[in-house]
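Novice: After the structure tokens below, expect a handful of questions from me.
The values are calculated or read from the model by the stated rules, or taken from the named source; none is laboratory data. Please read all numbers here as calculations on a predicted model, not as lab measurements. Heads up, the Cβs are rebuilt from the backbone with ideal geometry, glycines too, and the neighbour counts pull from every protein chain shown.
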Amino acid sequence: MTGRRVRRALFAAVVALIVGHSLWPFLWQVLTSLKAPDEIFAIPPTLLPERPSLASYAKVFTLRPFVRYVLNSLLVAVGTTLLPLGLGAPAAYAVARLRARGGELLLRAGLVGALLPPIVFVLPLYEGIRALGLLNHPLALIVPYTALNLPLTLWMLTSFFRQLPSELEEAARIDGFSRVGVLRHIILPLAAPALATAAILVAIFSWNEFLLALTFMTADQWRTVPVGMAMLSGVTEFEVPWDQISAAVVVTTLPVVLLVLGLQRRIIAGLTAGGIKG
Amino acid sequence: MRQEGLLYLLPAAALLLVVLAAPVARLAWLSLQEVEVTPGGGAEFVGLAHFARALADGIFHRSLVTSALFTALSLAAELLLGLGMALILHASFPGRGAVRAAALIPWTLPPAVMAIGWRWIYHDSYGILTAGLVALGLLAPGTTWLGDRHLALAAVIVADVWKTAPFVMLIVLAGLQAVPPELHEAALLDGAGPVRRFTMVTLPYLRPYLALALLFRGVQAFGVFDLVRVLTGGGPGGATRVVALALYDTFYRYLEFGYGAALTLLTLALLGLWAAAMVRAGRSRLDQEAGSR
Amino acid sequence: MALLVPILLALLLGCSRAGPERGITVRFLDRPDRNQAWADAIQAFQAAHPDIRVELVEGPSATNAREDLYATSLLAGDPIYDLVFMDIVWLPKFAAAGWLLPLDARLAAGEQADFLPGDLEGSRFRGRLYRVPMRTDAGLLFYRRDLLVARALAPPRTWEALVEEARALQAPPELWGYVFQGKQYEGLVVNFLELVWSAGGDVLDSQGRVILDQPEAIAALRWLRDAIVRHRITPPAVATYEEQDSANVFLQGRSLFLRNWPYVWALTAESPRVRGRVAITALPGRADAVGISALGGWGFGVSRFSRHPEAAWAFARYATSAEGQKRYALRAGTVPARRALLHDAELVARNPHYPVLAKVLERARPRPVHPKYAQISDILQHHVSAALVGRTEPQDALRAAARELRTLLASPRTP
């Protein structure tokens, strides 16, 4: 019996190790951000804040354009979240149910395209955006983000639609629904969980993206959070405002952490269910 | 019905064509031109001159080697870590969902922002890492992680593995669901130990999933940009100048669009080779057996 | 969330790129303002020009990063930055790309003569002026006057003398002989080139041919390497030093000599270990020739895409005027680019090294003036660094660098 108990304790310890490993860099930012400014620059660093203070958080919003960066990111994230769903849902339905010609090809080719590192697209897209005069316009990010997310959305929704019993649709058709009506009134409500999962992943992607945002938003007032924060620096290397930066890191990562923790079941089920087929 | 389906597909297909396919075609065209960046400047056909130059470009070759090294070390570490985490979190225990979510968090955080966080962790005076290792007596004080030619690449790799191991874990978790439990029971009855059960039963089923993880991660690691750009900027002394930074420099710092396009295509070709290799490796023995029957 | 969506969509539709601007705004990008120096200049300018607003966009302190930000914007023909506040080494690239308006007609020849010749030369590309110098920089030798005087030694005039004095006085690791910038970055190129020039060599000859693999350059690189491994007057950690790292060693009293930019002078006054014990002289040279410093420095160009080139020029003109430069220099602690200001009583009172600096600046030399300087520098950085840390021999490193430079410069349609 003790052998089993030891094994269980060992297992618990390993699980704790995994959780600790996954969270410590984030937690360290939290701890740093709660320290008083002079304590942040203590040598050697203190582990826990000796005099916890929210001063860094008060100051982060005085980091001149930080709020603006957050708003820009939100704007792009919302735009990007809606579009792939709007384009992806009918297309996925066409692939899954209508067996549209070329559907499978689109699915596969799209996944290959979205897999490529963004550096491949950056110059040609930059040229296109420049030609359209869309530099420093949210659409300069929303459109590419939509395209980069569409394949994954398409793939997730297609495999979900395939699992839905087709009798439902047939019954609805007999009741006089048009095909669009079926999609709108029968399929989409059923697909809400899958749509939500896709939306969360897309929102996280767009909140996180760096390279395109760095290149397509050249004006400071249009920078998104990751780029804006990467640009923050002090007058010299020794004046980097780490107190405010750590608070800013927490402010920009906390929403993602809460989202993942709150919707964990949906995200993990959405990504692992149905099997990822190579 | 099929015609109607096409209609539904069209908007998505058009967008993918414009944003993902057209750029590659554009790169192919650019790679054969010398592009004048002056406003209203034209382009001159130079044939394969850019590719010839690329073959002799020592700086570009070094960035390929750096990327390959980064990719190989990152992949090896995150594969082991991701596999280990998945095997543990596949077991059922109370609170498993929350633990899985916690394990997934590094993958979901913005890499550029977390790179700033890592810079703080690696800071030579105020960083927790140096202080912690010095306190444990494992390190001489004054180590500059990001200022040392070898340590800098290691530091970037650690940050990358932290972020991407959860992705491998996720794929492996999906794979573990595909392993029929009966096989494990049968192996148990045959008296197979845990190691043997893993290699004989689990691994063959995981193989396509591992290949998929390697495919995705290999391509992404080879093209890594955010993390390196923010953490080290490619330094010190080009020790972490990965290929994506080199390409970015060629476009936006050297203003050589044609040459940059050629370098991008060469990089793409390498990625294609890797992808093909992984697709081959992913064809599991189970599939082959099924095919031969 | 339900509320947020319409608000954000309205924002999205509402944001046109041009955006109605009230009055005229002139923008430029620089590192974060030091001691409110720009804010002060802008305030003074706006008081005289109430119809123009000037905005400093505070960018990263790494100059490479700011160069890239300007480039991505200008490459798109973006009117965001009206003025381009540029490092002297960016100029050929920016001018060759056609991003800058020529300023010859705007700055009278007579007035041009008020600026330091090297700065002005570095502001030209193919014979036309594209930049008005604002602040200047040149490499200087900082030394511990107290220690040299104690042994009745004069500051070194040649690099060999520097080695001798360093070996005679140093006591590493408490006191090193000489520190410089040895990290693989632009600063290493500067340190290397100063030695190459002082030895009579160069990267390119007057016809633009690569002469980096000649004996002068090899000897220069060997000197840098020998300082670490043979003479042991320089700590091996120099291979990780940028300006501030090397300055810190000196300011902590742990080095006899330091090669750095003039800004370090202000820091010596704040450092108790060396306060009042430091003096400045020109970089060493050869027995028969004085040392040559690399020229740095910043100035304003006018973007070809500016919607308000006149207003932009008006601010550039004010900032680079004698009054504007003096005001800025007093606050920011930088060196003005007008000759006369190097002899200004108020400035010299704070910067007693200006007379020496003025002489150094008269013969300071710009780094290779070439639209592909960024690539040239990257190649030099890599190979010089490799030799410095002993991965390759100096002559092999420079042979490889010369080979890569020839390939680079031979690529199709080199401007």
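Novice: Going by the conditions given, is B:T71 part of a loop (DSSP other than H, G, I, E, B), buried (at least 16 other Cβ atoms within 10 Å of the Cβ) and more than 9 Å from chain A (Cβ to nearest Cβ)? Working first, answer last.
Specialist: Working: part of a loop (DSSP other than H, G, I, E, B): no; buried (at least 16 other Cβ atoms within 10 Å of the Cβ): yes; more than 9 Å from chain A (Cβ to nearest Cβ): yes.
No: the conditions fail for B:T71.
Novice: Can you spot a residue in the stretch A:51-58 that is crowded, with 22+ Cβ neighbours inside 10 Å and not assigned by TED's automatic domain parsing to the domain that holds A:P151? Give the steps one after another, and end with the answer.
Specialist: The initial filter retains those residues of the stretch A:51-58 that are crowded, with 22+ Cβ neighbours inside 10 Å, namely A:56.
Now narrow it down to the ones that are not assigned by TED's automatic domain parsing to the domain that holds A:P151: A:56.
Taking every residue of the stretch A:51-58 in turn, at least one turns out to be crowded, with 22+ Cβ neighbours inside 10 Å and not assigned by TED's automatic domain parsing to the domain that holds A:P151.
Novice: Now, a different point. Name the strands (runs of 3 or more DSSP E) wholly within the stretch C:227-339 that hold at least 2 residues that are under 16 Å from the mean Cα position of the chain (by Cα) and surrounded by 17 or more Cβ atoms within 10 Å (Cβ to Cβ)?
Specialist: Result: C:255-260, C:295-302.
Novice: Any residue at all in the stretch A:130-138 that's assigned to a helix (DSSP H, G or I) and touching a residue at least 12 places away in the same chain (Cβ under 8 Å)?
Specialist: The answer is no, given that none of the residues of the stretch A:130-138 is assigned to a helix (DSSP H, G or I) and touching a residue at least 12 places away in the same chain (Cβ under 8 Å).
Novice: For residues in the stretch B:147-167 being within 12 Å of chain A (Cβ to nearest Cβ), surrounded by 22 or more Cβ atoms within 10 Å (Cβ to Cβ) and among the hydrophobic types (A, V, I, L, M, F, W, C), which is nearest to B:V228 (Cα to Cα)?
Specialist: In this case the residue turns out to be B:A159.
Novice: Further, regarding this structure: Can you tell me how many residues within the stretch B:119-135 are over 20 Å from A:V30 (Cβ atoms), part of a loop (DSSP other than H, G, I, E, B) and at the interface with chain A (Cβ under 9 Å from one of its Cβ atoms)?
Specialist: 1
Novice: Applying the selection to the stretch C:348-374, what residues are assigned to a helix (DSSP H, G or I), of a type outside the set (G, A, S) and closer than 26 Å to C:L91 by Cβ?
Specialist: C:Y354, C:L357, C:K359, C:V360, C:L361, C:E362, C:Y373
Novice: Among the residues of the stretch B:219-230, count how many are part of a helix (DSSP H, G or I), of a type outside the set (S, T, N, Q) and within 10 Å of chain A (Cβ to nearest Cβ).
Specialist: 7
Novice: Can you confirm whether A:A92 is farther than 30 Å from A:A192 by Cβ and assigned to a helix (DSSP H, G or I)?
Specialist: no
Novice: Given the structure, is C:L153 outside any strand (DSSP E or B) and farther than 26 Å from C:S385 by Cα?
Specialist: Taking the combined requirement at face value, the residue satisfies it.
Novice: Another question, if that's okay. Check off (1) in contact with a helix residue (DSSP H, G or I) (Cβ under 6 Å, 6 or more places away or on another chain); (2) at pLDDT below 90; (3) surrounded by fewer than 18 Cβ atoms within 10 Å (Cβ to Cβ); (4) of a type outside the set (V, I, T) for B:Y8 and give me the number that stays unchecked.
Specialist: It fails just one condition, (3).
Novice: Moving on. Can you pull out every residue in the stretch B:236-256 that is assigned to a loop (DSSP other than H, G, I, E, B) and within 7 Å of another protein chain (Cβ to nearest Cβ)?
Specialist: Result: B:P236, B:G237, B:G238, B:Y254, B:L255.
Novice: Please work out which one of (1) buried (at least 16 other Cβ atoms within 10 Å of the Cβ); (2) out of contact with any strand residue (DSSP E or B) (no Cβ under 6 Å at 6 or more places or on another chain); (3) not in a loop (DSSP other than H, G, I, E, B) is the condition B:V37 fails and give its number.
Specialist: (3)
Novice: Something else about it: Quick check on the stretch A:123-167: of everything there that is β-branched (V, I, T) and more than 7 Å from every other protein chain (Cβ to nearest Cβ), which residue is surrounded by the most Cβ atoms within 10 Å (Cβ to Cβ)? Spell out the reasoning first.
Specialist: Narrowing the stretch A:123-167 to residues β-branched (V, I, T): A:129, A:142-143, A:146, A:153, A:158.
This time we only want the ones that are more than 7 Å from every other protein chain (Cβ to nearest Cβ), so: A:129, A:142, A:153, A:158.
On the way: A:I129: 22, A:I142: 22, A:T153: 29, A:T158: 22.
Among those that are β-branched (V, I, T) and more than 7 Å from every other protein chain (Cβ to nearest Cβ), it is A:T153.
Novice: Still on this structure, please answer the following. Kindly indicate whether any position in the stretch B:88-106 is charged (D, E, K, R), more than 10 Å from every other protein chain (Cβ to nearest Cβ) and part of a helix (DSSP H, G or I).
Specialist: no
Novice: Please determine whether any residue of the stretch C:173-180 is crowded, with 19+ Cβ neighbours inside 10 Å and more than 30 Å from C:A152 (Cα to Cα).
Specialist: No, because not a single residue in the stretch C:173-180 is crowded, with 19+ Cβ neighbours inside 10 Å and more than 30 Å from C:A152 (Cα to Cα).
Novice: In the stretch B:43-68, how many residues are surrounded by fewer than 18 Cβ atoms within 10 Å (Cβ to Cβ) and within 14 Å of chain A (Cβ to nearest Cβ)?
Specialist: The number of residues fulfilling the criteria is 1.
Novice: When you scan the stretch B:260-291, how many residues do you find that are of a type in the set (S, T, Y) and at pLDDT 95 or above?
Specialist: Counting residues in the stretch B:260-291 that are of a type in the set (S, T, Y) and at pLDDT 95 or above gives 2.
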